[in-house]
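The values are calculated or read from the model by the stated rules, or taken from the named source; none is laboratory data. Since the structure is predicted, the reported quantities are computational estimates derived from the model, not experimental observations. Virtual Cβ from ideal backbone geometry, glycine too; neighbours counted across all protein chains shown. SASA here: full protein model, heavy atoms, side chains in, ligands and nucleic acids out. Shrake-Rupley method; radii C 1.70, N 1.55, O 1.52, S 1.80 Å.
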Amino acid sequence: MKEKDQQSAIRRRDFIKLGAGAAGAATLASAMTALWPSSTPAQAPAAQGVPWWAAKPANGKAGKPEAIDMHAHWSPEPYNKALAAIGQPLANPYPLDYDLDKRRQWMDDHGDLMHCLTLSGAMPWQRVSAQQGAHLAQVINDTGVQVHQKYPDRFVIAAELPIRDPELALKELNRIAGQPGMRAVHLPDSLEKRDYIFDPGFAPVLARIEALNLPIIFHQLDGVPNTFGGDRTAGPPPLAAGIDAPIEHAFLASKFIYTGTLDKYPNLQMVLPHAGGAFPYLAGRVEHFLFHMTDHSTTIQRPFRDYLRRFHYDYLIYYPEAFRFLMGLVGSDRIVVGTDNFAAKDIEYPSAVLDQFKLPAADRDRILKGNAMRLLRL
């Protein structure tokens, strides 16, 4: 018997002997610690900070509202009624998605200065006809303008577009452009696994968005037809938002780069939700396979890594260690607040999320509101 195998056999015999002894569970635990020290809590990396859902103000009070949330969902009553009229009522409407008085109180209590309002992953574009989509977009966009006019310091709007038909999408964009409070455009990553954004027919929409200097806020679409995992992540447990969405964002960002789309629209600004999903973590691997396994050096004009900063990323990454990684990769001037309220309902106190890091005041201010003010032209 080789020496290594002999040592393993001795350890196994010692373990069996210890497990059968009178010392019972305590001795068994000691044996496991001795034989496999890497499995003990003492060997695990020390946690530094708390995950986003556990971040609370140190004194129990959020203080004055200062966070501008660029990943905040809503579903106003006129839009809900329009959905119901075509036979697609919301299954579980959440009060703060449509009761803006209660929502403003919630914002005051939790330190939110402003929300940029967008639909959630339940966007209707894959479930309705192009004409129905155009009508729904008009309803929610017009409602958004009215809401901003009533509460100009608390809500701005990202325009919703009926993306199933690029001509109707462009028509709605031109109709709503320049209206009060319309400061961004909200688009899904893909539609039924189709990269509609890169279709030649959608190019006039992207060009117009760039010309209007409006940032695009992206989000995944819900539903099995829209997810890479399909039935695998549909549940139970439902993991589409937890697994499929990050992969969707990674594919979207990568394709923006390697198709040359970012070079074609050099002033186009984009916000990736959920901290860019898997993209920041996989970017090096994507670059390797583009330039070392194949040759895309003639497709794009700059080093691949430079394009990482063409995107902004909301900070919805949950683990403090992951946030530090994102900060190191793209810098504080490319990160904005994004809470997913009131869909995921995980982040209660946007400022408290950052307070645990003791960031320099300039970095903290950029992330909480400065970058959003620049993007939204506030």
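Please work out the FRET efficiency for the pair residue 234 and residue 171, using the Cβ-Cβ distance as r and a Förster radius of 45 Å; give the result to the nearest 0.05. Don't skip to the answer; put the middle values down first.
Numbers: r = 34 Å, r/R0 = 0.77.
With R0 = 45 Å, the Cβ-Cβ based efficiency is 0.85.
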Exercise. For the chain, give the share of DSSP beta bridges that are antiparallel, in percent and rounded to the nearest 5; count only bridges with both residues there.
Key: 5 percent
Quiz prompt | For Cα extents along the principal axes in Å, calculated from these coordinates, the label among [x] 79, 55, 47; [y] 161, 63, 40; [z] 65, 57, 38 | solution = [x]
Quiz item: For segment 103-251, what class follows from the C-alpha gyration tensor (a ≥ b ≥ c being the square roots of its eigenvalues): rounded when a/c is under 1.5, otherwise prolate if a/b is larger than b/c, else oblate?
Solution: oblate
Quiz item: To the nearest 10 degrees, how steeply does helix 245-258 sit against the main Cα axis of the chain, on a 0 to 90 scale?
Solution: 70 degrees
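Would you mind classifying segment 200-302 by shape? Square roots of the alpha carbon gyration tensor eigenvalues, ordered a ≥ b ≥ c; an a/c under 1.5 is rounded, otherwise it is prolate if a/b is larger than b/c and oblate if not. Present the calculation step by step, with values, prior to reporting the outcome.
Values: a/c = 2.24, a/b = 1.33, b/c = 1.68.
The shape class here is oblate.
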Quiz item: Hey, what's the chain come to in accessible area per residue, 1.4 Å probe, Å²?
Solution: 48 Å²
Quiz item: In whole percent, how big is the carbon plus sulfur part of the accessible area of the chain, probe 1.4 Å, protein atoms only?
Solution: 55 percent
Quiz item: Comparing 366, 232, 164, which has the greatest mean-square fluctuation in the GNM of the chain with Cα pairs linked when under 10 Å apart?
Solution: 232
Quiz item: Hey, what did the chain get for relative contact order, percent, Cα under 8 Å, at least 6 apart?
Solution: 19 percent
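Calculate for the chain the 222 nm mean residue ellipticity that helices alone would give, adding -39,500 (n - 2.57) per DSSP H run of length 4 or more and normalising by residue count, nearest 500 deg cm²/dmol. Present the calculation step by step, with values, prior to reporting the outcome.
Values: 16 runs with 158 residues, N = 378.
So the calculated ellipticity at 222 nm is -12000 deg cm²/dmol.
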Quiz item: In whole percent, what relative contact order does segment 48-193 give with Cα contacts below 8 Å and a gap of six or more residues?
Solution: 23 percent
Quiz item: In degrees, nearest 10, range 0 to 90: what is the angle between the Cα axis of helix 3-20 and the longest Cα principal axis of the chain?
Solution: 90 degrees
Exercise. Apply the Karplus parameterisation 6.51 cos²θ - 1.76 cosθ + 1.60, with θ equal to phi minus 60°, to every residue of segment 181-191 and state each ³J(HN,Hα) to the nearest whole Hz, in sequence, with x for glycine and proline.
Key: x, 7, 10, 7, 10, 10, 10, x, 4, 8, 10
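Full-extension gain between residue 292 and residue 195, please, as 0.36 nm times their residue separation minus the C-alpha to C-alpha distance.
On the way: separation 97, 0.36 × 97 = 34.92 nm, distance 2.50 nm.
Gain in length upon complete extension: 32.4 nm.
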Exercise. Work out the FRET efficiency for residue 203 and residue 86 from their Cβ-Cβ distance, taking R0 = 35 Å, and round it to the nearest 0.05.
Key: 0.75
Quiz item: Amide H neighbours of residue 342 under 5 Å, counting only residues 5+ apart in sequence or on other chains, H built in-plane at 1.01 Å?
Solution: 73
Quiz prompt | Nearest-ten-degree value, helix 166-176 long axis tilted from longest Cα axis of the chain | solution = 70 degrees
